[in-house]
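The values are calculated or read from the model by the stated rules, or taken from the named source; none is laboratory data. Note that the coordinates shown come from a computational prediction; the quantities given were computed from them, not determined experimentally. Note that we place each Cβ from the backbone using ideal geometry, even for glycine, and neighbour counts take in every protein chain shown.
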């Protein structure tokens, strides 16, 4: 009797702990643990980020909404080019606990400077889109496929699409790239992406609480499957990048301790020969565009010139 009781007590405690981690990381809502995180620079305070946010709030935008495969209302903003015949469309994927309206510095670069059409979706569980959990890019990859098809239907069979994302958005666009894509999708640009949800949550568990992955990530992954419909190991940019046949441009800050630098080296090694890696030595997480503003933009321009 006692051994059974002890096992039940251990399992109950384990469930409560893993449910806490699920609510902390997977369930949507305020993520107070990010505030003041020593590994997370306050990039939103930088001058170009503030200017980008103000620009995005004022620029002319069209609001769009589509349905996900599981019935969620997904919403986003579209910023048209000044050129009526512009065929290039950039889809910008935001990061964890972020939203489309936080991506002003990138939207401004692609739209105002490069004069491309720009689509800024809100991921499920973020911004104005429906959803009760964070997909870490896995379910989102299917949502972005729908956004891709929406653009083709709305703006023509001959448009050209570039996928761009930062942090979780960077991993999301890599996960999208491993799917069967229409020929309109020409390339993916990924800034400070993690290899997989499993890897990044294991890393953060150690960073924040000093705990090993087992048994916490294993049981949290099982809980995520029952509550959100996916295992953490399935949400893998590393596995998806091996399947893509479009050019991939990876960007990362060498001083990134939120999504550690070694993750981009794994992603780069896993990619096929159509790949480029750009490292900003003194940049932390999502700081590449801030620390090396001119070279960041020029590297992207050079990459795009080589594929279009």
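Take residue 17 and decide whether it is at pLDDT 95 or above and surrounded by 15 or more Cβ atoms within 10 Å (Cβ to Cβ).
Details: at pLDDT 95 or above: no; surrounded by 15 or more Cβ atoms within 10 Å (Cβ to Cβ): yes.
For residue 17, the condition - at pLDDT 95 or above and surrounded by 15 or more Cβ atoms within 10 Å (Cβ to Cβ) - is not met.
Take the stretch 263-294 and flag every residue that is without any contact (Cβ under 8 Å) to a residue 40 or more places away in the chain, more than 21 Å from residue 177 (Cα to Cα) and surrounded by fewer than 22 Cβ atoms within 10 Å (Cβ to Cβ).
As a first pass, look at the stretch 263-294 and keep what is without any contact (Cβ under 8 Å) to a residue 40 or more places away in the chain: 265, 268-283, 291-292, 294.
If we keep only those that are more than 21 Å from residue 177 (Cα to Cα) too, we end up with 279-283, 291-292, 294.
279, 281, 282, 291, 292, 294 - these are the residues of the stretch 263-294 that are without any contact (Cβ under 8 Å) to a residue 40 or more places away in the chain, more than 21 Å from residue 177 (Cα to Cα) and surrounded by fewer than 22 Cβ atoms within 10 Å (Cβ to Cβ).
Suppose the filter is within 17 Å of residue 224 (Cβ to Cβ) and in contact (Cβ under 8 Å) with a residue 40 or more places away in the chain; does residue 40 pass it?
Spelling it out, it is not the case that residue 40 is within 17 Å of residue 224 (Cβ to Cβ) and in contact (Cβ under 8 Å) with a residue 40 or more places away in the chain.
Restricting attention to the stretch 133-159, and to residues there that are in a loop (DSSP other than H, G, I, E, B) and under 17 Å from the mean Cα position of the chain (by Cα), which single residue is farthest from residue 176 (Cα to Cα)?
Top of the filtered list is 134.
Checking residue 308 against (1) modelled with pLDDT under 95; (2) surrounded by 16 or more Cβ atoms within 10 Å (Cβ to Cβ), only one condition comes out false. Which one?
For residue 308, the failing item is (2).
Mind listing whichever residues of the stretch 79-94 are assigned to a loop (DSSP other than H, G, I, E, B), within 13 Å of residue 155 (Cβ to Cβ) and either under 24 Å from the mean Cα position of the chain (by Cα) or touching a residue at least 12 places away in the same chain (Cβ under 8 Å) (or both)?
Passing the criteria: 80, 81, 83, 86, 87.
This table checks each residue for (1) surrounded by fewer than 24 Cβ atoms within 10 Å (Cβ to Cβ); (2) assigned to a loop (DSSP other than H, G, I, E, B); (3) within 9 Å of the chain's Cα centre (by Cα).
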site: 161; (1), (2), (3): no, no, no
site: 169; (1), (2), (3): no, no, yes
site: 181; (1), (2), (3): yes, yes, no
site: 188; (1), (2), (3): no, no, no
site: 193; (1), (2), (3): no, yes, yes
site: 202; (1), (2), (3): yes, no, no
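Looking at the stretch 14-28, which of the residues that are within 14 Å of residue 197 (Cβ to Cβ) and part of a helix (DSSP H, G or I) is nearest to the chain's Cα centre (by Cα)?
Per the criteria, the residue is 25.
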